[in-house]
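Below is one structure, written out as structure tokens, with a few remarks after it.
The values are calculated or read from the model by the stated rules, or taken from the named source; none is laboratory data. For clarity, every value in this text was computed on a predicted model and none was experimentally measured. Counting neighbours? That spans all protein chains shown, and the Cβs are built from the backbone with ideal geometry, glycine included. We work out accessible area using only protein heavy atoms, side chains counted, and drop any ligands, DNA or RNA first. Shrake-Rupley method; radii C 1.70, N 1.55, O 1.52, S 1.80 Å.
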Amino acid sequence: MQHTYSVGSNPVYYDKQLLHVLFAGESQTLPLHQAGPKIYDYYLLHYIEYGSGIFRTEQHTYELGAGDCFLIHPGQLVSYISDQQEPWRYRWAAFNGGDAGQLAQQAGFTPLAPVLSTTGGSVIPGALAGMMSAFYANKESAALTSLGYLYLIAGEAAELLVSSTRLPGAESQIKRTVKQMIHYMASQYAHPVSIEQMCGSLGYNRAYLSRIFKQETGLSPVTYLLKLRVEKSRQLLRERPELSVEQVAASVGLTDALYFSRQFKRFYRQSPTAYRQATVNPGEK
């Protein structure tokens, strides 16, 4: 068996970059090829394409094979050695920056849980290969392209790792789903979205979502979304006096200005115009 090794380095480096891919490579190792024990000052992700080996951290020893990933955290004493019978072939990428630790955490990797087992159709090997190709092209755009690939990897890791470490039980599932609904409404209220669209986006039955939402918040999804829109409109009425009531209504996802005015009065006992006059010109009668 022949040892092969190739690496592509990012042609661009910014000192102040919050997240930066340093280099990406691939290697077919020889039997019992060992790296470390050593400490790295950057994050280093490996994906095993073929073969097997052992990864050791300060806390644990992992026997890994094809489809497995391991993330080395900076400042951790680690070593890894390929198998004698089936030495591993792997791809890797190194990254650092002020946001690197947060990205690793969001993806679900920690020093105590640095290993991920992927399933068929993983995007990770292709993303690592894409980084290498981008670096070999030696264009400045490679810095951004490599970040795109890094986020793809982090997204898949988060889906596999974070979902596997979630608390079991119906209650935690309900709380997570309601939180998703609230996030959806908070990001989409300015568009004329409906509760049906939200339910379709989240993949749940409307009756079920309405029931658990009211159970957790005390409001129906329809009322919550309406209240959110009216609250956002109050800010616009105060801070953007040049906007008409119709424009304010449209800006919070309500295209019918008459309906908007009626709902505003329902929640705040005064019309949008009266509210604006009272807050923009409080001294006037």
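If you check every pair at least six apart or on different chains, which have Cβ atoms under 6 Å apart with a residue in the range 202-214 that is charged (D, E, K, R) first and a residue that is assigned to a helix (DSSP H, G or I) second?
Once the first residue is charged (D, E, K, R) and sits in the range 202-214, its partners that are assigned to a helix (DSSP H, G or I) give 206/199.
For the structure I just gave you, tell me whether residue 64 is open to solvent by 20 Å² or more (accessible area, probe 1.4 Å) and more than 19 Å from the chain's Cα centre (by Cα).
No, not satisfied.
Would you say residue 87 is modelled with pLDDT of 90 or more, open to solvent by less than 20 Å² (accessible area, probe 1.4 Å) and over 22 Å from residue 31 (Cβ atoms)?
Criteria not met by residue 87.
I'm checking my understanding of the structure. Among residues of the range 1-58 that are over 25 Å from residue 77 (Cβ atoms) and among the aliphatic types (A, V, I, L, M), which one is least open to solvent (accessible area, probe 1.4 Å)?
Here the residue is 12.
Sort out which residues of the range 220-265 are part of a helix (DSSP H, G or I), modelled with pLDDT of 90 or more and over 34 Å from the mean Cα position of the chain (by Cα), and write them in order of number.
245, 246, 258, 259, 260, 261, 262, 263, 264, 265 - these are the residues of the range 220-265 that are part of a helix (DSSP H, G or I), modelled with pLDDT of 90 or more and over 34 Å from the mean Cα position of the chain (by Cα).
Residues of the range 208-238 being crowded, with 20+ Cβ neighbours inside 10 Å and of a type in the set (S, T, N, Q), which ones?
Hit for the range 208-238 is 233, nothing else.
Residues that are in contact with a Pro (Cβ under 7 Å, 6 or more places away or on another chain) and not basic (Lys, Arg): which strands (runs of 3 or more DSSP E) entirely in the range 1-57 hold 3 or more of them?
The strands (runs of 3 or more DSSP E) meeting that bar are 43-50.
Filter the range 245-270 for residues that are among the polar types (S, T, N, Q) and open to solvent by 40 Å² or more (accessible area, probe 1.4 Å); which is farthest from residue 229 (Cα to Cα)?
Looking at residues that are among the polar types (S, T, N, Q) and open to solvent by 40 Å² or more (accessible area, probe 1.4 Å), I get 270.
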